[in-house]
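Please read the structure below before turning to the comments.
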Amino acid sequence: MTERKNYHLAPSILSADFTQLGNQIHSVEEAGADYLHIDVMDGCFVPSISYGMPLIKSIRKCTDMVFDVHLMIEEPDRYLEDFRDCGADLITVHAEACRHLDRTLGHIRDLGLKAGVALNPATPVSVLTHVLPMCDMVLIMSVNPGFGGQDYIPYATEKIRELLGILNARGLNADIEVDGGVNTSRVPMLLSAGANVLVAGSAVFKGDAEKNARDLLAAMEACI
Ligand code: DX5
Ligand code: ZN
């Protein structure tokens with residue numbers, strides 16, 4: 001029997017106004033979001049460069065939200081301990097960026113953190129067959145990683161469904177996160193496919209972040 005999952009909204013600060021970052025974080029926390037999605041990009045695994053440890057360390061002081069750190073970096077093992085020390089609670093690495101994924105997941109868990117694996121749109125769910133029991137979360141990318149504000153890739157929904165089927169068949173209970181192009185109108189489709197952690201960047205931070213987060217949470221609540 002698989003346990004019932006908890007649902008989380010994970011606003012992605014990539015789309016936040018950095019001149020107001022602390023206030024923006026408080027707004028989404030006030031709205032009821034309990035995860036904060038932090039996209040780290042190295043300009044190598046993905047074309048863009050975002051931010052890293054100093055920023056995470058700084059915002060760790062202003063909130064107790066779960067720091068969901070999405071590493072879009074090559075060979076992330078080099079920095080796992082640093083990310084733990086600056087405040088990550090959950091570290092997600094890309095399967096495509098890890099030469100020894102089994103070792104990397106073990107390393108994250110040995111640091112006392114939750115371990116997630118992200119899959120690019122073109123990467124099949126089957127690459128995780130042997131490591132699924134080591135995953136606390138699987139992140140299905142529904143855009144090609146590197147930028148906020150891109151359009152949702154429709155076949156991501158099939159991947160979420162496929163993953164849920166595999167987890168249920170094997171009695172595993174990893175969270176299923178989806179990232180890219182998430183907005184209120186897509187919430188019912190994503191939840192019914194099996195996602196339980198929704199990342200939203202531009203849908204939260206473009207405009208009134210607190211209201212947008214409340215609307216997304218209400219849309220999630222209506223489906224549960
Ligand atoms: C993209 C990042 C996302 C991004 C999502 O590579 O992983 O977390 O912030 O942005 P939206 O929700 O605008 O698609
Ligand atoms: Zn992300």
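Values as computed for the structure displayed
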item	result
Any pair with Cβ under 6 angstrom, 6 or more apart, that starts in the stretch 80-105 at a residue that is open to solvent by less than 10 Å² (accessible area, probe 1.4 Å) and ends at one that is hydroxyl-bearing (Ser, Thr, Tyr)	Val93/Thr104
Residues within the stretch 1-24 that are assigned to a helix (DSSP H, G or I), aliphatic (A, V, I, L, M) and away from ligand 1 (no atom under 12 Å from the Cβ), tallied	1
Of all residues making up the stretch 144-179, the number that are open to solvent by 10 Å² or more (accessible area, probe 1.4 Å) and within 15 Å of ligand 2 (Cβ to nearest atom)	10
Which numbered condition Met134 fails, given (1) within 20 Å of Pro76 (Cβ to Cβ); (2) open to solvent by less than 40 Å² (accessible area, probe 1.4 Å)	(2)
Search result, residues across the stretch 30-79 that are open to solvent by 20 Å² or more (accessible area, probe 1.4 Å), farther than 23 Å from Asn212 by Cα and assigned to a strand (DSSP E or B)	Asp42, Ile49
Members of the stretch 195-224 found to be open to solvent by less than 10 Å² (accessible area, probe 1.4 Å) and under 14 Å from Lys5 (Cα atoms), listed by number	Ala195, Asn196, Val197, Leu198, Met220
Tally of residues being part of a helix (DSSP H, G or I), touching a Ser or Thr at 6+ places or on another chain (Cβ under 7 Å) and in contact (Cβ under 8 Å) with a residue 40 or more places away in the chain across the stretch 168-203	2
Selection count, the stretch 11-53, where residues are more than 16 Å from ligand 2 (Cβ to nearest atom) and either among the hydroxyl-bearing types (Ser, Thr, Tyr) or touching a Gly at 6+ places or on another chain (Cβ under 7 Å) (or both)	2
Given (1) touching a residue at least 12 places away in the same chain (Cβ under 8 Å); (2) closer than 29 Å to Leu172 by Cβ; (3) more than 13 Å from ligand 1 (Cβ to nearest atom); (4) out of contact with any Gly (no Cβ under 9 Å at 6 or more places or on another chain), index of the condition Ala118 fails	(3)
Verdict on Ser185 being within 16 Å of ligand 1 (Cβ to nearest atom), among the hydroxyl-bearing types (Ser, Thr, Tyr) and surrounded by 14 or more Cβ atoms within 10 Å (Cβ to Cβ)	no
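Residue-by-condition table, conditions (1) at pLDDT 95 or above; (2) farther than 19 Å from Ile108 by Cα; (3) more than 13 Å from ligand 1 (Cβ to nearest atom):
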position: His26; (1), (2), (3): yes, yes, yes
position: Ile49; (1), (2), (3): yes, yes, no
position: Leu55; (1), (2), (3): yes, yes, yes
position: Ile73; (1), (2), (3): yes, no, no
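The values are calculated or read from the model by the stated rules, or taken from the named source; none is laboratory data. Just so it is clear, the structure is predicted and the values come from calculations on it, not from any experiment. Heads up, the Cβs are rebuilt from the backbone with ideal geometry, glycines too, and the neighbour counts pull from every protein chain shown. Note: areas computed on protein heavy atoms with side chains; ligands, DNA, RNA excluded. Shrake-Rupley method; radii C 1.70, N 1.55, O 1.52, S 1.80 Å.
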